[in-house]
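The values are calculated or read from the model by the stated rules, or taken from the named source; none is laboratory data. Keep in mind that what you see is a predicted model, and the values were worked out from it rather than measured. We place every Cβ from the backbone using ideal geometry, glycine too, and count neighbours over all the protein chains shown.
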Amino acid sequence: MAEQLQWLKFGVGGTEFNETGEWDQTKHNAAIDAMAAQGYNAFGVFGVSPTDINTTFAGLKAKGFAVGSLASCPGGYDIVKEPQKNSADFCLSTDTGKAAYLAATAVIKEMGGKGNLVHLTGNAVDANTIRRMDGVKQAIAETGGKVKLLTTITDIDSDLQSATKAVTDLLAAKGKQINGIVTTAYNPAVAATDGVSSTKLPIKVIAIDDDQKILDAIKSGVISGTVVQNPWGQGYVGSWVLSALGSKKCTMNTPGLYVDSGSFLVTKDNVDTYNDTRQATSKEILAAFQNEYMTCK
């Protein structure tokens, strides 16, 4: 939706927000092909398959369309050092490994630097999930053995019911062993917040994203904080870049360039002001595209 609103702001023609792919790459491709046939000529795509999405990007580029990989980059390569392996014009996404590392170091600090940590996350084959797991492991490794990864639970982000069951089972079986929980997917974050609140277990939690329930839990002290991503910035910046590329008046200086859209730790101290920081960062990223990452006629 953010992309749709920002297209209008930048004075570009018709837009469509389409999520009929239902997390299935074949359906996703069919929806993209249908839109291309209808005359759309610039695509901001959140890819389903981390490997197959590059084929989709290459097909769109071959037809002369502007393509941005938004919210997720293709997998299977170093997104910073090997931009040529991204078949889209650019990728604007959360550095999910960095965001997970930020969340894990924050919860480890709340744990007093020691104890048992649990990681709750999403689709195990998603490139973003893999990067998140690596980020959490890095933070734990830096404790020199003082923090142990008790378990990582994947594939519990499809719906809140699945996440709630997983958290309920986890706390019933191992709640007294757990000192901290880091969540790097939305539904597990909400479920962990509810679970710790209802059980009153002394578990430190750093969540992800800014669901109102999570923000309220931070304000009340139920959880320690959350790491928010920047979907507004992905839509705002991505729309400008795609419109500029679609006009054929601008080109990327480094095709396939990866740009981190930012991640932000939210605690009681900044829960009322973090969005101002996020929007300011987005405008800085846009300026970088305009002045450093692109050449325009």
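A compact table of results
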quantity	calculated
THR281 being surrounded by fewer than 21 Cβ atoms within 10 Å (Cβ to Cβ), at pLDDT 95 or above and under 17 Å from the mean Cα position of the chain (by Cα)	yes
Test set (1) touching a residue at least 12 places away in the same chain (Cβ under 8 Å); (2) out of contact with any strand residue (DSSP E or B) (no Cβ under 8 Å at 6 or more places or on another chain) - THR152 fails condition number	(2)
Test: residue in segment 125-138 that is under 30 Å from TYR293 (Cβ atoms) and in contact with a Pro (Cβ under 6 Å, 6 or more places away or on another chain)	yes
Considering residues of segment 235-251 that are within 15 Å of ALA88 (Cα to Cα) and under 23 Å from the mean Cα position of the chain (by Cα) only, the residue surrounded by the most Cβ atoms within 10 Å (Cβ to Cβ)	GLY238
Residue identified as hydrophobic (A, V, I, L, M, F, W, C) and farther than 18 Å from ALA99 by Cβ among VAL125, VAL136	VAL125
Complete set of residues in segment 245-277 that are closer than 24 Å to GLU110 by Cα and touching a Gly at 6+ places or on another chain (Cβ under 8 Å)	GLY262, LEU265, VAL266, THR267, LYS268
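Condition check ((1) in the same structural domain as VAL45 (by TED's automatic domain parsing); (2) of a type in the set (Lys, Arg); (3) surrounded by fewer than 24 Cβ atoms within 10 Å (Cβ to Cβ)) across all residues:
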site	(1), (2), (3)
ASN86	yes, no, yes
ALA103	no, no, no
GLU110	no, no, yes
GLN161	no, no, yes
THR168	no, no, yes
GLY175	no, no, yes
ALA191	no, no, no
ASP194	no, no, yes
